[in-house]
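The values are calculated or read from the model by the stated rules, or taken from the named source; none is laboratory data. Values in this document were obtained by computation on a predicted structure and should not be read as measured data. Methodologically, a virtual Cβ is constructed for each residue, glycine included, from the backbone with ideal geometry; neighbour enumeration extends over all protein chains shown. Just so you know, the surface numbers come from the protein's heavy atoms only, side chains and all, with ligands and any DNA or RNA stripped out. Shrake-Rupley method; radii C 1.70, N 1.55, O 1.52, S 1.80 Å.
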Amino acid sequence: MPFKLSIYPWVHCCRCNDNQWKGEFIEHEHCSPEEEARLGAEDDLLTRRNHIPGVPMVNFTSQYGLGCFEGLKAYPQKDGTLKLFRPERNCARMAVSMRGLRMPPIPEDLLLETIFEIVRRNKVLGFAPEYDAAWEKDIWQNAATVYVRPFAISEPGIGVNLSVTPWVITICTTVSAYFRLGENNAVVSKRIRATPGGTGWIKTAANYVTSTLAKAEALDEGYMEAIFLDCTTGKNIEEGSSCNFFAVLKDGTVVTPELHDTILPGITRDSVMVLARDMGMKTQERDLSLEEVFDDASECFVTGTAAGVTPLSSITREGKTKRFASLEADSVSNRFLKQLKGIQFGALSDKHGWMRDV
Ligand SMILES: *Cc1c(COP(=O)(O)O)cnc(C)c1O
């Protein structure tokens, strides 16, 4: 079944003019969440909601990829509330991405307040999944969450140009599992996701062209995920298709590629490093070659808001496949998965204060 894009009724739209951000919450037409669940993907009501009057179609974002976005989730809790995971990090990164595109950045506190309010308003209308104890059976890998997507769009224009008066629009929708459970085989892509001096370090739309193509090629060849190597040496692992990469070495060390301008600083990546240290594991952020992973890793996994912690069962390069123990019940990867989801869904104590009440 094709994914039905069902944007929640309340959206927030703000725009920068003369360094002043002015915005409003807009309540779009809707029926009850139950009635809407029965609508088709192309239904008029849902189509109208994917539209904000006054925002131009021809702009530097739609024409030239000069846009950026964030993605974060509010997690349903047993007591019926929702909690956002480290939302201030997303707000900070949105400002970094906008500056990286030489747009005036949206103030972090304005975006943060918007994110809380948009989730609250939609929940009041019944748009938010309810906690389901059945999710616990497979470590919440099939759980539904509220996905919040703020994104920047430029002013109208067709000449190639920077954006001086961008909009930032914030929408929500329900999402469930991104990767299917079980076997997750990866293949090394021949493509280059990001180059030194490029935009790999910000969450710009433009970066997704190459990773979407690589992922599609991986799926064509029967793999679930694409892995990118660096373009300078062609040896070091950088990222998955839109997620950060981790290896667990045979001696138990947890390694992830060091941040530089071709790697996106994932919030899940940062959180997993904190959890690893909490669990007394040795961690390293450094160059990590594919060869080392083939020779010396017992497990590997990818991380991201969408991917969560996704253990990889194997990596293939030029027909040579290396299998990993990442999917075994007692794997280190599964420990991270349980820790992270446990904190997000309120089953484990949130000792770092990552969860924010909506
Ligand atoms: C968003 C993203 C990630 C994951 O970041 P999180 O903050 O963990 O969601 C990783 N890599 C790329 C390229 C991304 O765009």
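Odds and ends about this structure:
- Taking 75, 147, 208 as the candidate residues, the one with maximal mean-square fluctuation in a Gaussian network model of the chain, Cα springs under 10 Å, is 208.
- Stokes-Einstein diffusion coefficient of segment 92-232, Kirkwood radius over Cα pairs, 20 °C, 1.002 mPa s, in µm²/s: 118
- Rounded to 0.05, the FRET efficiency of the residue 348 and residue 29 pair, given R0 = 56 Å and the Cβ-Cβ distance, is 0.90.
- Accessible surface ranking that places the most exposed of 288, 66 first, with a 1.4 angstrom probe: 66, 288
- Dividing the radius of gyration of the alpha carbons in segment 10-175 by their Kirkwood radius gives 0.99 for Rg/Rh.
- With viscosity 1.567 mPa s and temperature 4 °C, the Kirkwood radius over alpha carbon pairs of the chain converts through Stokes-Einstein to a diffusion coefficient of 61 µm²/s.
- Label point at residue 282 placed 7 Å out along Cα→Cβ; residues across segment 236-256 whose backbone nitrogen lies under 17 Å: 247-256
- Separation between Cα centres of segment 78-118 and segment 1-53, rounded to whole Å: 19
- Computed over segment 185-347, the quotient of the alpha carbon radius of gyration and 2.2 N^0.38 Å is 0.96.
- Percent RCO, i.e. relative contact order, over the chain, from Cα pairs under 8 Å lying at least 6 residues apart: 17
- Separation of segment 243-309 and segment 193-240, taken as the distance between their Cα centroids, equals 16 angstrom.
- Extension reserve of the residue 39-residue 58 stretch, reckoned as 0.36 nm per residue once the Cα distance is removed: 3.9 nm
- If you sort 42, 35, 238 by accessible surface, 1.4 Å probe, largest first, the order is 42, 35, 238.
- Most fluctuating residue given options 189, 331, 32, as computed from a GNM of the chain linking Cα atoms under 10 Å: 32
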